[in-house]
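The structure under discussion appears below in the form of structure tokens.
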Amino acid sequence: MGIRKRTILLLVVVLIMVAGAVYGVTIKYFLGSEGEVLLSTTITLTKLDSEKSYCFDLTKGDHIQIDWSVTAGDRIAFLVSNSTFTFIAVYDFSWSHLWPSAECPPDYHPPSGRYTFLFYTVGNSSTVTIRLVRKAL
């Protein structure tokens, strides 16, 4: 094999490696870096339709990034609970929290099971942007 053919072959191999690295970084950035998006939505809560709940099966050790912001109207209340216990209760216009926190020892993580994330307005109306992301730490 001549020097020219080796150079072309080497160039092709390098280009394939670079393309693979770019593809891998792109996939990780768009799919893996932030975690699994469980919910990303905007809802309007009114006196007649005052609450909205979302249920997810969680495994012990899961961390959930909870973000919400009221874009119009009154503050909202937020709860996370399972069948036996309420873990979080907040009343505010916006909130961002990792649950359980990164510092929480694994022995103190909530057990596996079905969890309800409940949002409700205590005023006349609230429009809320919500984002819940499952993260592996």
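Looking at region 103-130, I want the residues that are on the phi > 0 side of the Ramachandran plot and have a partner that is assigned to a strand (DSSP E or B) and surrounded by fewer than 19 Cβ atoms within 10 Å (Cβ to Cβ) with Cβ atoms under 9 Å, at least 6 apart or on another chain. Which pairs are those?
Pairs that qualify, where the first residue is on the phi > 0 side of the Ramachandran plot and the partner is assigned to a strand (DSSP E or B) and surrounded by fewer than 19 Cβ atoms within 10 Å (Cβ to Cβ), are Gly113/Asp57.
Out of all the residues in region 50-63, which are within 22 Å of Thr121 (Cβ to Cβ) and of a type outside the set (Gly, Ala, Ser)?
The answer is Glu51, Lys52, Tyr54, Cys55, Phe56.
Would you tally the residues in region 80-90 being out of contact with any Pro (no Cβ under 7 Å at 6 or more places or on another chain) and modelled with pLDDT under 90?
7
The values are calculated or read from the model by the stated rules, or taken from the named source; none is laboratory data. On a predicted model such as this, the values are computed, not experimentally measured, just so you know. Neighbour counts are summed over all protein chains in view; Cβ atoms, including those assigned to glycine, are modelled from backbone coordinates with ideal geometry.
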